[in-house]
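Contents: one structure, followed by commentary.
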There are 2 protein chains.
Amino acid sequence: MPNNLKLIEIAQTLTPELSTTKVYPVQLVEMVPEQDAFQGWSVKTVDTVENLLHRTFVKNDSFVLDFGDHQVGYLNLSLMPVGSPPDAPLRLKLTFGEMPCEIGESFDDYQGWLSRSWLQDEIINVDVLPAQIRLPRRYCFRYLKIEVLDTSRKYSIAFPDIHVTAVTSGDASVIKPLPACLAEDLRVMDNIAIKTLQDCMQTVFEDGPKRDRRLWIGDLRLQAQANYLTFQNADLVKRCLYLFGGMTLKNGEVSACVFEKPHPLADDTLLYDYSLFFVATLYDYFEATGDWDTLKDLWQIALDQLKLAADRLDERGIVRDDTTWWCFIDWHDDLNKQASAQAVLIYALKRGERLARKLQQDEVAAWIDVTIKLASAAAVTHLWDAEQKVFISGAERQVSWASQVWMVLAEVLDTASHAELLRSLFRNPPAIGMTTPYMYHHLIEALILSGLKDMALEQMRAYWGEMVKDGADCFWELYNPSDKRLSPYGSNLINSYCHAWSCTPTYFIRKYFLE
Amino acid sequence: MPNNLKLIEIAQTLTPELSTTKVYPVQLVEMVPEQDAFQGWSVKTVDTVENLLHRTFVKNDSFVLDFGDHQVGYLNLSLMPVGSPPDAPLRLKLTFGEMPCEIGESFDDYQGWLSRSWLQDEIINVDVLPAQIRLPRRYCFRYLKIEVLDTSRKYSIAFPDIHVTAVTSGDASVIKPLPACLAEDLRVMDNIAIKTLQDCMQTVFEDGPKRDRRLWIGDLRLQAQANYLTFQNADLVKRCLYLFGGMTLKNGEVSACVFEKPHPLADDTLLYDYSLFFVATLYDYFEATGDWDTLKDLWQIALDQLKLAADRLDERGIVRDDTTWWCFIDWHDDLNKQASAQAVLIYALKRGERLARKLQQDEVAAWIDVTIKLASAAAVTHLWDAEQKVFISGAERQVSWASQVWMVLAEVLDTASHAELLRSLFRNPPAIGMTTPYMYHHLIEALILSGLKDMALEQMRAYWGEMVKDGADCFWELYNPSDKRLSPYGSNLINSYCHAWSCTPTYFIRKYFLE
């Protein structure tokens, strides 16, 4: 499918200017192994930054700076030689860490399956001193370790100025203050969620500013929902929708993610649920903005996603589960995706139908309506296990949290049944659990939709609240309160610790918990 | 002593534009350990560059390019991903080697005492692909090893274009061709010497373009002599003289070396012989150019060097040898410098006297003349050992090659005695030998000055000719035919293999061996 250059051009005109902030380190620290600390590392204060400014360093010296909070931006280093004129280049190693583990553990031992190139370290050689350096790459970090690999016998090196030029397209000045009566832990959670979203808001809504810095539609949908209630940057959502809409795959499917550079480019990753979220994200955008032009520009692409997804229904009206597709839902090797996918389809169809009605496309709306009824009835007939009182998924009739949560979000049963279904999960938890904050988001949304706000709040506190207790400055890509070194990538060094899909506590708090 | 801004400004207006040449690799090679090869490494051809262009590389792949000759310049890399859109940065390690040892041996094991930062390697992370990269630092190399540290599982990397933008201020088109009858080995030697000089000719005459890329007056004097007979870039010599003259040390001494960046700056290294070579270099420059303005601008500084150096004579008229001075002469830990320094003083005084006469400064010339006589007589009286028939040096009455060579160059005895003295060295070589091509240069010059041209040629062949046999593309900073891993720095990895003070075979050939 050729790119739609008109849509891409509109997206490009919406590229935001990033605002910049100078951020200075607040203290010198060291990472201390401590069994009870999160991931085994605690952070110990060792000196003031003031003292650093008066020190000079030689070969094999090193120090760790703490910038006080999570930063996304560019590192500026002033390098001042002390002693004789520098008769050899300065060689430094810089290691950037969102988390203590990235400073405490050696990247040399990394054995994960994601590219080691995501681990943020650089060796730089500086030929001319003194120097003011701004490293060309963007980094994502709270901690910075500087190791002096070599000076020469004739000079040592001082660092009279080290700061970050932090960048974002999220303007915090437009965010409404929370009412004073709100519980302190929710205020903290809201604040961290907003920081998470802000650090992911660059020239697109990135999934994670450390890794993999791309626009994924699964993350976008949640970011957009949080954004409408906080930064209110509707144009950034619009830009992202036009990027996805402008670069569909060969049958017209919306790709799971797109690249911005060196030029806009759709990734070849196709995920059943993610393509459908184009419809949901467009629906949410229109609800938030009433922007008819965008709706009209992108509607046909949204409708194509519904049709393509509906083509996957078998003769029973159930999403075919074979080896020819990918559906994300959650990071879980054993999770069967069939029931969740069925529910995501229904969820997207329902939003698509409302858009069709708004556009007065009655025939289209009627087709969608028939399809909703078909898929919903099929779900109840073929995926609901009346005996166990749960939705099953796949040939093995797997019972998982995800299947139930998504069926609730698709509103396949009535509210009372949904509430009972969700309650039963807590009484008899399925073996196939939830891995990501992304999946937890959907659990919380399902609980609220089913009238179980107290349980939703309890779960938010048990999950994101526990991250706060574990020291989160931003909310993480992956978190399991009972397995704190969890990584689907083979190493927690490579996890993203500021991740878009984890930013939704601010959405829940501001949407549901301010009354 | 404050800088003379007028002189520095003149120097800066003479900063040359560098000419650039695109150089492509000629073959793929590997370094093979081989006991009999120079430094234990031979170079084996493994593939054509043509084939490289059609290959793609993944994590842990590597290859070594041979650029066919020594290069000084900037590396340009085209990086083309193959497969899915690159979903992770590319991480490469680049290792640049003038010599096979730099590719064959690991820099991680380097234990020398010069800064490890001189070893030329970089780790680069490239966020956006495809990319055209020009590395910002200048490198000096014939061999380039590229190691792919990581791509990702979704793409491999191709290198459709790799080339060097070589830079120099030496214009080879002005060099006169050698007569056809000249012996082939001398033609080869001349050619390599010219390449050595050319690669050191940048915005100053550098000592070595790999290390330490500075303007040292000891190298400058020899480079200038070779330059007058080859590249004829008198302005570059002039620029260097003005830099030294504009930035003297606290008592008015000319520094041993200067830095160009970030702004012109004299190093704090003071060497007795090097300060005196300012006079000799100015003398040679005036002889080559007849440039009266420069002579007048710099004469007082030259004269100051003579006076400061003469102040070091003791009541006998001998250079005081104590712990308060440094004199270079040669890289030799055990060499006593007293006699050589005495001779360098006389050598410089003689050239200073001629300049004073040209400038009609008769009183100054008379003072210089008296000083020459005093120092020469003292040398014969106190440093000549009539029994051994050699010059001795220091309290221990050390006998070295350097003392004899420099006394000959200072023309302290008559030509016949010099010839006999030099001949005797070959019959009964002193234990304190010669280390550097710089010292060998002075031996050759002394032999020629003493009418021993055949012996001079024999020595050139035994020394630089042996370097050629050992595979030199450029002539080396350090070479000992009987200890080929020699390094005064604790590792031959850090030696400079294109070094200014080794470029003088072209000077000897063109000045003395064309009739």
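The values are calculated or read from the model by the stated rules, or taken from the named source; none is laboratory data. What you are looking at is a predicted structure, and each value in this text was computed from that prediction instead of being measured. Because the Cβ atoms are built from the backbone with ideal geometry, glycine has one as well, and the counts that use them run over all protein chains shown. Calculation scope for accessible area: heavy atoms of the full protein, side chains included, ligands and nucleic acids excluded. Shrake-Rupley method; radii C 1.70, N 1.55, O 1.52, S 1.80 Å.
Summary table
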quantity: Test: residue in the stretch B:126-135 that is modelled with pLDDT of 95 or more, within 13 Å of chain A (Cβ to nearest Cβ) and within 30 Å of B:Ala11 (Cβ to Cβ); calculated: yes
quantity: From A:Leu144, A:Leu149, residue being closer than 22 Å to A:Arg55 by Cβ, assigned to a strand (DSSP E or B) and facing another protein chain (nearest Cβ under 9 Å); calculated: A:Leu149
quantity: Test: residue in the stretch A:327-335 that is in contact with a Phe, Trp or Tyr (Cβ under 7 Å, 6 or more places away or on another chain) and assigned to a helix (DSSP H, G or I); calculated: no
quantity: Filtered residues of the stretch A:267-317 (kept if buried (at least 19 other Cβ atoms within 10 Å of the Cβ) and in contact with a Pro (Cβ under 8 Å, 6 or more places away or on another chain)); calculated: A:Asp267
quantity: Filter result for B:Ile157 (more than 9 Å from chain A (Cβ to nearest Cβ), more than 30 Å from B:Pro16 (Cβ to Cβ) and either open to solvent by 40 Å² or more (accessible area, probe 1.4 Å) or assigned to a strand (DSSP E or B) (or both)); calculated: yes
quantity: Sole residue being open to solvent by 90 Å² or more (accessible area, probe 1.4 Å), under 30 Å from the mean Cα position of the chain (by Cα) and not aromatic (Phe, Trp, Tyr), chosen from B:Thr323, B:Thr381; calculated: B:Thr323
quantity: Which listed residue, of B:Trp113, B:Trp118, B:Trp41, is among the hydrophobic types (A, V, I, L, M, F, W, C), open to solvent by 50 Å² or more (accessible area, probe 1.4 Å) and on the phi < 0 side of the Ramachandran plot; calculated: B:Trp113
quantity: Residues (surrounded by 24 or more Cβ atoms within 10 Å (Cβ to Cβ) and part of a loop (DSSP other than H, G, I, E, B)) located in the stretch B:196-206; calculated: B:Val204, B:Glu206
quantity: Filtered residue count, the stretch A:139-154, keeping only those that are open to solvent by 10 Å² or more (accessible area, probe 1.4 Å), closer than 22 Å to A:Ala472 by Cα and more than 19 Å from the chain's Cα centre (by Cα); calculated: 2
quantity: Residue within the stretch A:23-37 that is away from chain B (no Cβ under 14 Å), under 25 Å from the mean Cα position of the chain (by Cα) and either on the phi < 0 side of the Ramachandran plot or surrounded by fewer than 21 Cβ atoms within 10 Å (Cβ to Cβ) (or both) present; calculated: yes
quantity: The stretch B:95-116, residues that are closer than 18 Å to B:Tyr497 by Cβ and either modelled with pLDDT under 95 or within 13 Å of chain A (Cβ to nearest Cβ) (or both); calculated: B:Thr95, B:Phe96, B:Phe107, B:Tyr110, B:Gly112, B:Leu114, B:Ser115, B:Arg116
quantity: Count of residues meeting criterion [touching a Lys or Arg at 6+ places or on another chain (Cβ under 9 Å), assigned to a helix (DSSP H, G or I) and among the hydrophobic types (A, V, I, L, M, F, W, C)] in the stretch A:207-241; calculated: 1
quantity: Test: residue in the stretch A:453-475 that is more than 22 Å from A:Phe38 (Cα to Cα) and in contact with an Asp or Glu (Cβ under 9 Å, 6 or more places away or on another chain); calculated: yes
quantity: Single residue of B:Gly40, B:Gly83 found to be away from chain A (no Cβ under 14 Å) and in contact (Cβ under 8 Å) with a residue 40 or more places away in the chain; calculated: B:Gly40
quantity: Among residues of the stretch B:244-253, those that are open to solvent by 10 Å² or more (accessible area, probe 1.4 Å) and in a helix (DSSP H, G or I), counted; calculated: 0
quantity: Hey, B:Val126 under 21 Å from B:Pro160 (Cα atoms), assigned by TED's automatic domain parsing to the domain that holds B:Ser42 and out of contact with any Asp or Glu (no Cβ under 8 Å at 6 or more places or on another chain) or not; calculated: yes
quantity: Unique match (being among the acidic types (Asp, Glu) and within 30 Å of B:Gly245 (Cβ to Cβ)) among B:Glu9, B:Glu34; calculated: B:Glu9
quantity: Residues satisfying the stated conditions in the stretch B:74-89, i.e. among the aliphatic types (A, V, I, L, M) and over 28 Å from B:Leu493 (Cα atoms); calculated: B:Leu79, B:Met80, B:Val82, B:Ala88
quantity: Extreme residue, surrounded by the fewest Cβ atoms within 10 Å (Cβ to Cβ), among residues of the stretch B:127-138 that are of a type in the set (Lys, Arg) and in a loop (DSSP other than H, G, I, E, B); calculated: B:Arg137
quantity: Condition broken by A:Ala88, with the remaining ones in (1) facing another protein chain (nearest Cβ under 9 Å); (2) of a type in the set (Gly, Ala, Ser); (3) loosely packed, with under 15 Cβ neighbours inside 10 Å satisfied; calculated: (3)
quantity: Qualifying position, being assigned to a loop (DSSP other than H, G, I, E, B) and under 30 Å from B:Gly170 (Cβ atoms), among B:Thr15, B:Thr21; calculated: B:Thr15
quantity: Residue check for A:Leu276: within 14 Å of chain B (Cβ to nearest Cβ) and part of a helix (DSSP H, G or I); calculated: no
quantity: Residue selected from the stretch B:1-18 under the condition at pLDDT 95 or above and open to solvent by 100 Å² or more (accessible area, probe 1.4 Å), by the criterion farthest from B:Asp267 (Cα to Cα); calculated: B:Glu17
quantity: Which listed residue is buried (at least 18 other Cβ atoms within 10 Å of the Cβ) and either more than 14 Å from chain B (Cβ to nearest Cβ) or of a type in the set (Phe, Trp, Tyr) (or both), from A:Ala180, A:Ala193; calculated: A:Ala193
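Results for (1) surrounded by fewer than 24 Cβ atoms within 10 Å (Cβ to Cβ); (2) away from chain A (no Cβ under 14 Å); (3) free of Cβ contacts under 8 Å to residues at least 40 places away in the same chain, shown as yes or no for each residue.
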| position | (1), (2), (3) |
| --- | --- |
| B:Ile217 | no, yes, no |
| B:Leu229 | yes, yes, no |
| B:Tyr242 | no, yes, no |
| B:Glu260 | yes, no, no |
| B:His263 | yes, no, yes |
